[in-house]
1. Could you list all residues from the range 220-254 that are of a type in the set (Ser, Thr, Tyr) and either more than 25 Å from ASN119 (Cβ to Cβ) or open to solvent by less than 50 Å² (accessible area, probe 1.4 Å) (or both)?
2. Quick check on the range 266-324: of everything there that is acidic (Asp, Glu) and touching an Asp or Glu at 6+ places or on another chain (Cβ under 8 Å), which residue is modelled with the highest pLDDT?
3. Which of the following residues is more than 30 Å from TYR311 (Cβ to Cβ), in contact with a Pro (Cβ under 8 Å, 6 or more places away or on another chain), modelled with pLDDT of 95 or more and open to solvent by less than 10 Å² (accessible area, probe 1.4 Å): ASN187, ASN203?
4. Within the range 49-88, count every residue that is modelled with pLDDT of 80 or more and not in a loop (DSSP other than H, G, I, E, B).
Amino acid sequence: MKKIKFLVWTFMSFIVFSCSTDNVAFTEEEQASEVQIDQSELVMKEILSLGFSEKDIVDMGSYYLVGNDITFSKTGRPQIADEDMTAKQRRTTYLVADNTIGVRIDPSLPSNWITATRNAMAHWNANSGSSIFLYETDYYWPYQGGFLFNPEIQVMNDGTDPLPNNTIAAAEFPTSDGMPGYRIRINLSFNACSVSNNLRFYNMIHEIGHCLTFAHTNSSFGTHIAGTPTSDSNSVMNGGTACTLSSGLSTGDRTAVDTLYPLGITAPSNIQAYHDGDEELTMTWNAVPGATSYRIYNNIKETGKTGWYHYRTRTSNSYSRELKVKYRNGYRMMVSAIDANGNESKMVEANYNW
């Protein structure tokens, strides 16, 4: 799991920097204005460095909308392009460091968009040649004075920062610290065409792709990924296709994902969970060659929340804990394997023997 990122801390860090490099006394409002100006200029530099032209950039107030479905927060972290980056369809500057990614889906979204998001996550997870695994998790859960887990991607409506009515959704790219694009905004006022459930599904596959570094296949910005076609009419990452997407990851898309995020270690198999009918739960699985440890993820129905969180790490291929019988039927677990280089396998859910 990744360390929690506090935007407040980021904001205050910029204020401290401003104060330490300028002898002029500013009010708090003036300091905030200076921070906003400096940071937005860095973000603009980032956008241009990725190969976008100024005509591709729309100023939406608190963020820039680029290529009709990519957003850059004016107060976000810049990811200035690395001039020495080698060509690895198309990618942006940074990759996601931890390929097991928690996603929070705002429960206030319409059920059809929630279902589309979950199905799109499953579609990415089913790509057997890559290490990308997306799992649904709730928002910050207080635990012993901190937070036990933190979703890396937020799927939400665009209510606070409205998108143009001809943009169905918009996402962000990964940043220099290895984090995926932080959020996907869904435009519930989109009116360019009639939106079917299939269209929601394919558009969510597309937006998740942006969060993982993938640019528009049919564009000129970004770096071409070695081993993929220079054009691909079937790519789910083609831009300008909000109303016409009709398939998921193409063969070229899958090659791109497998190239950038190869499968480092196989997942555990034969995961069996047993309960003694009182307060004892035991789970076992087949040992994975090359695994140095295993991560156990639980759901959190016990706390009244939903989703998964990283609960324990084990070096052996078994796990046990106390679990009262009243929680047994609602309790769920998944296991992943970790190798000596820190690569994590896909997560696999247990078979429940109760």
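The values are calculated or read from the model by the stated rules, or taken from the named source; none is laboratory data. Please read these numbers as outputs of a predicted model, since none were measured by experiment. Note that each Cβ is placed from the backbone with ideal geometry, even for glycine, and that neighbours are counted across all protein chains shown. Heavy atoms of the whole protein, side chains included, go into the accessibility calculation; ligands, DNA and RNA do not. Shrake-Rupley method; radii C 1.70, N 1.55, O 1.52, S 1.80 Å.
1. Residues satisfying the conditions are SER220, THR223, THR228, THR230, SER231, SER235, THR241, SER247, SER250.
2. GLU280
3. Among ASN187, ASN203, only ASN187 is more than 30 Å from TYR311 (Cβ to Cβ), in contact with a Pro (Cβ under 8 Å, 6 or more places away or on another chain), modelled with pLDDT of 95 or more and open to solvent by less than 10 Å² (accessible area, probe 1.4 Å).
4. Of the residues in that region, 12 qualify.
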